[in-house]
1. Residues that are farther than 24 Å from residue 436 by Cα and assigned to a strand (DSSP E or B): does region 527-534 have at least one?
2. If you scan region 340-377, which residues turn out to be part of a loop (DSSP other than H, G, I, E, B) and at pLDDT below 85?
3. Out of region 573-591, which residues are surrounded by fewer than 16 Cβ atoms within 10 Å (Cβ to Cβ) and either without any contact (Cβ under 8 Å) to a residue 24 or more places away in the chain or touching a strand residue (DSSP E or B) at 6+ places or on another chain (Cβ under 9 Å) (or both)?
4. Would you tally the residues in region 498-514 being over 21 Å from the mean Cα position of the chain (by Cα) and not in a loop (DSSP other than H, G, I, E, B)?
5. In region 558-572, how many are part of a loop (DSSP other than H, G, I, E, B) and in contact (Cβ under 8 Å) with a residue 60 or more places away in the chain?
6. Is there a residue being closer than 18 Å to residue 398 by Cβ and either in a helix (DSSP H, G or I) or touching a residue at least 60 places away in the same chain (Cβ under 8 Å) (or both) anywhere in region 281-296?
7. Out of the residues in region 41-56 meeting the condition of being at pLDDT 95 or above and surrounded by fewer than 18 Cβ atoms within 10 Å (Cβ to Cβ), tell me which one is nearest to residue 111 (Cα to Cα).
8. So which of 157, 130 ends up being buried (at least 17 other Cβ atoms within 10 Å of the Cβ), part of a helix (DSSP H, G or I) and under 31 Å from the mean Cα position of the chain (by Cα)?
């Protein structure tokens with residue numbers, strides 16, 4: 001979602017005030033609170049409710065599994081539960097200082113717990129289980145309860161290692177006894193915990209302060225966050241487009257680090273095995289024997305382990321979306337940004353030729369907008385497809401996280417005569433309509449837009465406009481991501497004159513909100529597909545609505561616009577597709593798979609008895625195999641590159657491989673096949689309408 005961030009801060013004038021508090025931490029509080037009060041699109045009142053939410057979020061972030069603090073610690077902290085708003089206004093840090101003091105002590109206790117526990121064998125014959133549902137757990141009352149909580153957690157980690165070692169032992173030349181395997185499993189866990197606590201020991205007060213600051217600013221919305229000087233440097237590198245690693249964006253929820261986006265063109269994308277939603281459990285360098293557990297690790301530290309020089313390999317232990325646990329080796333490389341650009345293909349179906357345009361994001365070259373942007377590139381591809389005689393076009397926005405606002409407005413204009421595309425409300429301003437003022441239309445034929453839960457921001461603006469104008473059919477997941485906001489990144493050093501306290505970092509915060517031309521926001525609700533296709537992500541938490549503290553949905557006055565008069569029978573087209581989907585056994589299997597994935601993720605308990613644990617693994621593997629036919633599916637369609645690209649392919653073996661793989665994936669894509677069926681229905685409907693009009697005229 002970082003693609004929607006704007007580095008220029010022109011919408012708000014916050015440079016009229018300056019601050020000169022000699023205490024850097026207090027100065028930072030003062031500057032950030034001022035920026036948020038004056039610049040956030042939906043500013044919050046600093047009141048007791050604000051204080052309580054920040055209090056709970058901060059405690060959860062520093063002790064997500066309730067394995068550090070005791071109930072007595074929470075009683076001590078509760079004195080500050082409704083005082084943080086007052087501290088913020090006074091730029092005081094009493095609660096933060098107290099919490100860090102107690103946390104430092106509890107971390108040292110935890111270190112003694114794990115060393116003591118891992119010094120003794122685990123009995124995997126005992127019937128007991130571990131629950132990762134921390135919300136339902138109370139804080140331990142004493143050291144006995146705390147040690148037992150650590151024992152179960154460490155037993156689970158060792159049980160996972162124990163099972164892996166048993167599998168390796170089955171094919172090893174020198175077999176080891178169960179006792180030796182149990183010892184080796186604990187040793188591996190001990191090493192992971194040592195590395196984790198080495199990292200924790202290296203944390204300084206400023207690291208915990210960054211966590212506290214983010215607990216404060218995230219109360220405004222989940223896309224508002226503080227970037228410390230080090231984090232800002234990494235962010236600037238990320239925004240520059242220079243990626244060296246595996247090509248994946250990560251996010252952290254509780255103690256789990258999961259894959260949030262596969263970057264088009266990167267090693268993970270080319271390998272096509274890592275998936276959005278996969279949870280990373282361990283990281284191992286290919287030239288090392290031991291893996292490092294990243295469960296509970298700070299996300300930037302996990303990223304450091306995963307990134308590395310081009311040509312080196314990293315091995316990730318993953319809990320896959322389907323619940324299976326497996327290792328995946330990925331060769332690091334530099335992400336080839338060319339793959340984020342639009343590409344198209346021609347496909348023949350039932351004697352007709354159709355075009356498919358894949359757009360990974362709404363990109364723009366800020367230095368030379370007219371030369372390269374998503375809208376102009378899509379227009380060029382449409383003209384090329386028209387030259388090939390296509391009778392319908394699919395715009396594939398699945399996984400498109402958004403991008404440039406002017407670009408999506410311009411691209412929508414390729415399909416409508418003219419009119420409003422989106423309404424934008426900025427901080428302290430009335431809604432403004434962004435319009436297509438060019439009456440020319442590049443494509444007036446049948447149009448289908450493909451979306452999924454990861455289609456966000458600018459993708460939702462485009463899909464919503466096409467839907468509101470009734471210009472085309474939206475097909476895909478029940479709804480898109482639901483991110484109807486824009487963030488600015490503001491350098492906090494601009495607020496301080498003659499600063500000798502060092503870099504203050506930056507703040508990303510929400511300054512604008514999108515609204516459809518029908519008046520409804522895309523926030524939370526996203527865009528509902530006209531034709532809903534079962535999706536494996538349908539029941540798991542991947543959207544804006546599943547984040548903590550998202551901005552609410554609301555609506556404003558609709559814009560004045562004229563619905564497209566293309567003579568298409570949309571009701572017939574939607575009805576026909578729904579009937580096909582209901583009668584398609586593979587789509588029904590996808591629905592079953594999605595429900596099973598949801599059930600697996602909701603089950604937060606794990607048996608610590610080895611036999612029961614193994615039975616659960618075997619049951620999961622059996623269930624995964626039941627869905628194998630989904631990956632074995634292949635349609636009979638043939639996809640081909642356009643003539644200009646065929647010429648380039650003849651001189652570029654890498655491009656040839658990329659397009660070959662893309663076309664292979666399209667031939668396995670059940671969703672694309674149904675989108676083509678919808679295009680056929682739209683074309684037939686349009687032809688019938690034209691014949692009817694001709695008959696009336698005659």
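1. yes
2. 365, 366, 367, 368, 369, 370, 371, 372 - these are the residues of region 340-377 that are part of a loop (DSSP other than H, G, I, E, B) and at pLDDT below 85.
3. Listed by number, the residues that qualify are 575, 578, 579, 582, 583, 585.
4. So the count comes out to 1.
5. Result for region 558-572: 10.
6. So in region 281-296, the residues closer than 18 Å to residue 398 by Cβ come out as none.
No; the residues of region 281-296 include none that is closer than 18 Å to residue 398 by Cβ and either in a helix (DSSP H, G or I) or touching a residue at least 60 places away in the same chain (Cβ under 8 Å) (or both).
7. Ranking the qualifying residues of region 41-56, first place goes to 56.
8. Exactly one of 157, 130 is buried (at least 17 other Cβ atoms within 10 Å of the Cβ), part of a helix (DSSP H, G or I) and under 31 Å from the mean Cα position of the chain (by Cα), namely 157.
The values are calculated or read from the model by the stated rules, or taken from the named source; none is laboratory data. Only a predicted model underlies this, so the values are computations on that prediction, with no experimental measurement involved. Cβ atoms come from the backbone with ideal geometry, glycine included; neighbour counts cover every protein chain shown.
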